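The values are calculated or read from the model by the stated rules, or taken from the named source; none is laboratory data. Keep in mind it's a predicted model, so treat the numbers as computed, not measured. Cβ placement follows ideal geometry from the backbone for every residue including glycine, while neighbour counts extend to all protein chains displayed. These accessible areas exclude ligands, DNA and RNA; they are computed on the full protein's heavy atoms, side chains included. Shrake-Rupley method; radii C 1.70, N 1.55, O 1.52, S 1.80 Å.
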Amino acid sequence: MRHYFIVGNHKMNVSEFENSQEPELKKRLLNTFTKAVGEGHTIVLCPTFVRMEHIADVVDGTGVALGSQNCHWENSGAYTGEVSPSMLAEMGCTWVIVGHSERRRDQCETDELIGKKALAALTNGLRPIICIGESVEQRKRGKTIDVISKQIDSIHSVCGRLMLDASVIAYEPVWAIGTGISATTEQIEEAHLAIRKCCRERGILDMPILYGGSVSADNADEILSCQHVSGALVGGASLSMEYFRSIVESAIRCAHA
Ligand code: PGA
């Protein structure tokens with residue numbers, strides 16, 4: 001049976017179930033979480049920093065893990081506005097997203113910096129979800145595989161093989177994020193296979209590889225059924241109780257297929 005990772009990235013939003021006025025929907029979602037975790041799947045919710053404790057209370061007893069959308073590479077110091085991996089671990093966080101394309105774009109994060117963040121996360125016992133992916137121009141120029149291989153290489157050169165063993169990669173083509181246009185299963189299979197090969201060549205044997213970019217209740221079955229897809233990083237759809245529940249249900253279904 002396959003074991004999937006389903007990660008909800010709330011970005012700078014408050015998800016529906018945090019302040020839910022619909023107890024039945026909320027109960028159904030929490031029951032689905034409990035079922036999925038009981039069957040060996042990993043469910044991670046990544047709210048904004050200020051909602052972390054609240055989310056931890058909401059999912060208490062379900063086995064859902066808490067993740068952060070970012071961290072700094074140092075554990076303390078004069079870094080205004082930042083949050084360190086040790087502080088996140090202290091709050092009960094066990095996962096952290098690093099290298100999301102929105103941060104690469106808006107905060108000018110480089111592969112080297114992302115490698116440092118992943119290393120700091122690993123050193124503090126957090127599992128990094130390392131985001132990689134090509135822009136639309138890079139895809140049009142036929143550079144997708146080159147781009148994602150270079151991203152893996154840079155991060156590998158900072159963290160090393162042994163450290164990366166505890167990480168997860170999320171392949172997120174930039175053009176598919178928040179656009180409603182997910183990559184096709186052929187594009188996903190091709191990229192995931194290339195990532196798998198690239199990791200194996202560097203001695204990282206069984207790195208889970210998630211797909212992210214407009215994953216929805218409608219396409220989750222198709223995406224999760226792809227051979228090298230180990231799960232999904234879900235943005236927009238993770239804010240809705242019904243859509244996110246449906247994606248977790250897909251994971252449960254696909255694992256039995
Ligand atoms: P999306 O976002 O599901 O809204 O496309 C995915 C992500 O940014 O991780």
- Of the criteria (1) within 18 Å of the chain's Cα centre (by Cα); (2) surrounded by fewer than 23 Cβ atoms within 10 Å (Cβ to Cβ); (3) farther than 15 Å from D111 by Cβ, which one R161 fails: (1)
- Message: Any residue in the range 175-201 that is over 18 Å from E137 (Cβ atoms) and in contact (Cβ under 8 Å) with a residue 24 or more places away in the chain sitting within a Cβ distance under 7 Å of a residue that is more than 16 Å from the ligand (Cβ to nearest atom) and among the aliphatic types (A, V, I, L, M)? List the pairs, counting only those 6 or more apart or interchain.
- Response: A194/I145; I195/I152; C198/I152; C199/I152; C199/M207
- Among the residues of the range 247-257, is any over 15 Å from the mean Cα position of the chain (by Cα), at pLDDT below 95 and either outside any helix (DSSP H, G or I) or over 20 Å from S101 (Cβ atoms) (or both)? yes
- Would you mind finding the one in S216, S230 that is within 13 Å of the ligand (Cβ to nearest atom) and among the hydroxyl-bearing types (S, T, Y)? S216
- Message: Tell me yes or no: at least one residue of the range 128-150 is farther than 22 Å from D221 by Cα, without any contact (Cβ under 8 Å) to a residue 24 or more places away in the chain and among the hydrophobic types (A, V, I, L, M, F, W, C).
- Response: yes
- Task: Considering only residues that are of a type in the set (K, R) and within 16 Å of the ligand (Cβ to nearest atom), look in the range 96-116 and name the one that is farthest from S86 (Cα to Cα).
- Result: R105
- Item | Odd one out for E186, checked against (1) part of a helix (DSSP H, G or I); (2) farther than 15 Å from G213 by Cα; (3) away from the ligand (no atom under 16 Å from the Cβ) | (2)
- Query: Restricting the search to the range 40-63, which residues are assigned to a loop (DSSP other than H, G, I, E, B), open to solvent by less than 50 Å² (accessible area, probe 1.4 Å) and over 16 Å from I97 (Cα atoms)?
  - Reply: G40, H41, V59, T62
- Query: Has the range 201-212 got at least one residue that is basic (K, R) and either within 16 Å of the ligand (Cβ to nearest atom) or open to solvent by less than 10 Å² (accessible area, probe 1.4 Å) (or both)?
  - Reply: no
